[in-house]
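Each remark here refers to the structure printed beneath this line.
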Amino acid sequence: MDELKWSENVSEKIKRKLELVAERNRNKIPYTTKDGCFDDMSESNICWWTNGFWGGMMWQLYNGTKNEMFRQIAEENEKKLDKNLMELQGLDHDNGFKWLPTAVANYQLTGNKESRNRGLLAANNLAGRFNPAGAFIRAWNDKGDGSVAGWAIIDCMMNLPLLYWASKEINDPRFLQIAAMHADTAVKYFVREDGSVNHIVEFNPATGEFVKTYGGQGYGEGSCWTRGEAWAVYGFVLSYIHTKKKEYLDTAKKVADYFIAHIPESGFIPVDFCQPEDCGLEDSTAAAIAACGLLEIEKLVSEEEKKVYHKAAIGLLQALERERCNWEDDIDNILEKCTAAFHDKEHEFSIIYGDYFFIEAIWKLTGEELFIW
Ligand code: GLY
């Protein structure tokens with residue numbers, strides 16, 4: 001089967017399965033599955049950072065099928081998040097992950113002014129997290145002791161597009177300036193010489209001076225958490241797309257080259273590229289996110305380089321589709337073997353953003369993607 005046919009075939013399987021899954025889960029905001037059934041974060045934790053991805057999947061599906069059910073579910077997800085928007089301690093650097101796939105996607109497709117307002121509120125809060133002394137966006141909120149006031153994390157590269165969007169939307173360069181200053185700091189302090197990245201970097205929040213790095217959700221300090229590497233691949237190319245600053249594309253390529261060089265023969269991505277050889281833990285989300293970033297880099301580089309990034313992306317997606325996708329009608333998730341963090345008690349389960357980025361990647365290939373970043 002040629003590649004386009006293969007991706008169209010996968011796209012059809014996604015649509016067929018999601019029609020059933022969405023219908024029976026229409027009032028939820030899922031994070032993971034238990035015995036194949038989605039849980040519901042709208043009940044248990046409305047401020048959870050992944051609560052925009054279900055709505056995002058629904059907008060992608062609506063865009064690809066024009067089925068009104070998907071649109072209604074997406075709108076519901078977005079409205080439920082208003083409770084989060086009113087809770088300052090529930091807002092953090094992940095505002096982009098929550099409101100780009102929901103409110104901004106809605107505004108992009110329908111012109112809904114309330115959605116635009118939600119997106120702008122989230123962007124203003126995100127901009128307000130900027131630390132001018134260290135030129136970084138603070139990641140998480142205070143734990144009562146000020147200990148994380150100077151922490152920034154690589155994941156934030158994916159939240160910057162909310163600021164790029166706001167800048168354009170209200171003709172105000174401040175949002176773009178903040179995003180670009182954070183991206184510059186990330187180039188300097190997160191990306192290592194060999195193209196691997198740190199998950200967490202701590203700065204002195206008063207002076208902005210570099211303090212130290214942490215292994216975060218990866219194996220340990222100095223290791224390479226694969227989802228962090230994937231956020232960097234996709235995040236830096238997105239910053240290039242919005243700013244045209246060549247250094248961001250060069251950085252995206254450098255990080256992508258490290259990722260590609262470390263893909264195991266099996267094509268399945270470990271939780272950390274530096275985890276012990278006999279560990280075997282996987283994270284399918286890293287594969288799907290990296291594939292999205294590689295397919296964007298492909299559009300921006302020379303003919304020779306295109307082949308490299310394209311081949312790697314297809315390899316990751318075909319490995320996922322072959323052995324890490326669940327196409328059974330009565331199981332809610334698609335991707336399997338997703339892992340939130342190396343040192344968590346549980347590993348290799350389903351995670352909603354794995355499904356989101358898998359769909360996005362496949363639809364980059366079929367041309368059905370709603371570009372929300
Ligand atoms: N942004 C948190 C994570 O990737 O797990």
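The values are calculated or read from the model by the stated rules, or taken from the named source; none is laboratory data. The shown structure was predicted, so the numbers you read here are calculated from the model rather than taken from an experiment. No Cβ is skipped: glycine too gets one built from the backbone with ideal geometry, and neighbour counts run over all protein chains shown.
What to note about this one:
- Number of residues in the range 188-198 that are outside any loop (DSSP other than H, G, I, E, B), within 19 Å of PHE259 (Cβ to Cβ) and charged (D, E, K, R) equals 0.
- Count of the range 199-222 residues which are assigned to a loop (DSSP other than H, G, I, E, B) and either within 14 Å of the ligand (Cβ to nearest atom) or within 19 Å of SER284 (Cβ to Cβ) (or both): 6
- Criterion applied to THR251, THR226 was being away from the ligand (no atom under 15 Å from the Cβ) and buried (at least 24 other Cβ atoms within 10 Å of the Cβ), and the one residue passing it is THR251.
- Contact annotation: residue pairs with Cβ atoms under 7 Å, 6 or more positions apart or on different chains, pairing a residue in the range 129-144 that is under 14 Å from ASP184 (Cα atoms) and modelled with pLDDT of 95 or more with a partner that is in a loop (DSSP other than H, G, I, E, B) and charged (D, E, K, R), are ASN131/ARG138; ILE137/ARG129.
- Considering only residues in the range 328-365 that are within 16 Å of the ligand (Cβ to nearest atom) and of a type in the set (Lys, Arg), the one that is nearest to TYR309 (Cα to Cα) turns out to be LYS337.
- Scan the range 84-128 for residues that are farther than 14 Å from ALA179 by Cβ and either in contact (Cβ under 8 Å) with a residue 60 or more places away in the chain or of a type in the set (D, E, K, R) (or both) and the total you get is 15.
- Among the residues of the range 266-285, some residue qualifies, meaning at least one is within 14 Å of the ligand (Cβ to nearest atom), assigned to a helix (DSSP H, G or I), modelled with pLDDT of 95 or more and surrounded by 18 or more Cβ atoms within 10 Å (Cβ to Cβ).
- Of all residues in the range 348-373, those being among the hydroxyl-bearing types (Ser, Thr, Tyr) and farther than 15 Å from GLY52 by Cα number 2.
- Screening PHE371 against (1) surrounded by fewer than 18 Cβ atoms within 10 Å (Cβ to Cβ); (2) within 16 Å of the ligand (Cβ to nearest atom) leaves a single unmet condition, (2).
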